[in-house]
Structures are given as structure tokens and as C-alpha cells.
Amino acid sequence: MTSLNPLFAELNQYKTAKNKPKQQIKDRAERRDKQHNVKFPVDHIFHMKLRTYCKQLEPLYKTKYNRPLAQTKFNTLLLRYVLNHLELVDWELDYSDTKRYMHTNLLKLEYKEIGGSYGISIRKGISDRRTVYLMMRAGLTWVERGGNIEEIII
């Protein structure tokens, strides 16, 4: 249907140009370095110990990577170390949610080992947060018993 007024005819031309079928949108691939934030409960003593070891490791980390070591990064490094050494973990430790948390930023692939479909938490029958808590406790215990803290940044 055409309009008698040429101005309206021009408007109709633009509308028909807009109504072209949309191109199919491709599914974008997920980045390989995408991270998953996991928080775990800490009490006052556990929090102090983690902060102390982070401060001890910071000078070495700064000389190696030329940037400061953040607390979350330290927690992530310690968790990665324990993830590669699961024999350190005591799965029978008590767990209570203290409503005070610290964070780790694991890669999505690493997180799938803990909380994925066939992850550690599913196999052990415990929550993801409890799994991370027990692993962090194991890492701290390993360092306190004389483990070389420098190994976690290698």
C-alpha cells in the first residue's frame, strides 16, 4: 500500500529496510582465564594467620612478578597448591560458618575440580564452601608444620 504523500512513502521505505531477518548470533566462546570467586568462612585466628603468611610471602612475590601480593591472590595460590596435593587434606575436620569470609579466585577449570559435576565436593558429599574451607585449613596446617611457603608461587 502506498501513501499519497511522498514524505510518508519515504518513511515506509525505511521501515521495510529495518525488517530484514536478523543474522544468526554466534555463541561466544568462554575465556580460558575466566575466574570463579569462592568465599570460605574464617574465624579470627585463621584470618590472622592467613594475613601473616601473605605478608611474609609478599617480598618474594614482588621480586618475582614485580607486583604486590593481594590477600585474595595468596589464598588462591595456597588453594591451588592444596588442589594439587589432596593428600594433605583432613576431610573429617569440624566446620562451622562464622559469617566472616575470605575469598579466592580460581579459574573455572580449577573450580570444576572442586564443585563440578564430578568434583571433590560431590564425591565427598559436602558443600563447595566446606570443601574450600577444609583445603585452606590443610594448606595452613602444612605451612605451619614446616612446609616451604615459597613452593606455592612456583
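The values are calculated or read from the model by the stated rules, or taken from the named source; none is laboratory data. The model shown is predicted, which means the values in this text are computed figures rather than measured ones. When we count neighbours, we look across all protein chains shown, and the Cβ atoms used for this are built from the backbone with ideal geometry, even at glycine. What goes into the accessible areas is simple: the full protein's heavy atoms, side chains included, and nothing from ligands, DNA or RNA. Shrake-Rupley method; radii C 1.70, N 1.55, O 1.52, S 1.80 Å.
Which angle between 0 and 90 degrees, to the nearest 10, do you get for helix 128-144 versus the longest principal axis of the chain when only C-alpha atoms count?
That helix lies at roughly 40 degrees to the long axis.
Please compute, over every Cα-Cα pair in segment 27-154, the percentage with a separation greater than 26 angstrom.
That fraction is 20 percent.
State, as an integer percentage, the relative contact order of segment 50-154 based on alpha-carbon contacts under 8 Å between residues 6 or more apart.
Relative contact order comes out at 33 percent.
Only four residue types carry charge here, +1 at the Cβ of Lys and Arg and -1 at the Cβ of Asp and Glu. Report the dipole size of the chain about the Cα centre in Debye, rounded to the nearest 20.
760 debye
Rolling a 1.4 angstrom probe over the protein heavy atoms, how many square angstrom per residue are accessible across the chain? Don't skip to the end; give the middle numbers.
Details: 11100 Å² over 154 residues.
Here the per-residue accessible area is 72 Å².
With a 1.4 Å probe and all protein chains left in place, how much of the accessible area of segment 78-145 comes from carbon and sulfur atoms, in whole percent?
Percent of accessible area from carbon and sulfur atoms in segment 78-145: 46.
Determine the calculated [θ] at 222 nm for the chain from helices alone, applying -39500 (n - 2.57) to every DSSP H run no shorter than 4 residues and normalising by the residue count; nearest 500 deg cm²/dmol.
That comes out to -16500 deg cm²/dmol.
Tell me which trypsin sites (Lys or Arg not before Pro) from segment 23-90 have a DSSP coil assignment and no more than 16 other beta carbons within 10 Å of their own. It would help to have the intermediate numbers written out before the result.
On the way: sites: LYS26, ARG28, ARG31, ARG32, LYS34, LYS39, LYS49, ARG51, LYS55, LYS62, LYS64, LYS73, ARG80; in loops: LYS26, ARG28, ARG31, ARG32, LYS34.
When the trypsin sites (Lys or Arg not before Pro) of segment 23-90 are filtered for loop state and at most 16 Cβ neighbours within 10 Å, LYS26, ARG28, ARG31, ARG32, LYS34 remain.
Seen from all sides and averaged, what is the projected area of the convex hull of the Cα atoms in segment 46-92, in nm²?
Working: hull surface 15.3 nm².
Computed as one quarter of the Cα hull surface, the answer is 3.8 nm².
What's the longest bit of the chain with no exposed GluC sites (Glu not before Pro), using DSSP loop states and at most 13 other Cβ atoms within 10 Å as the test?
Excluding the exposed sites themselves, the longest stretch runs over 93-154.
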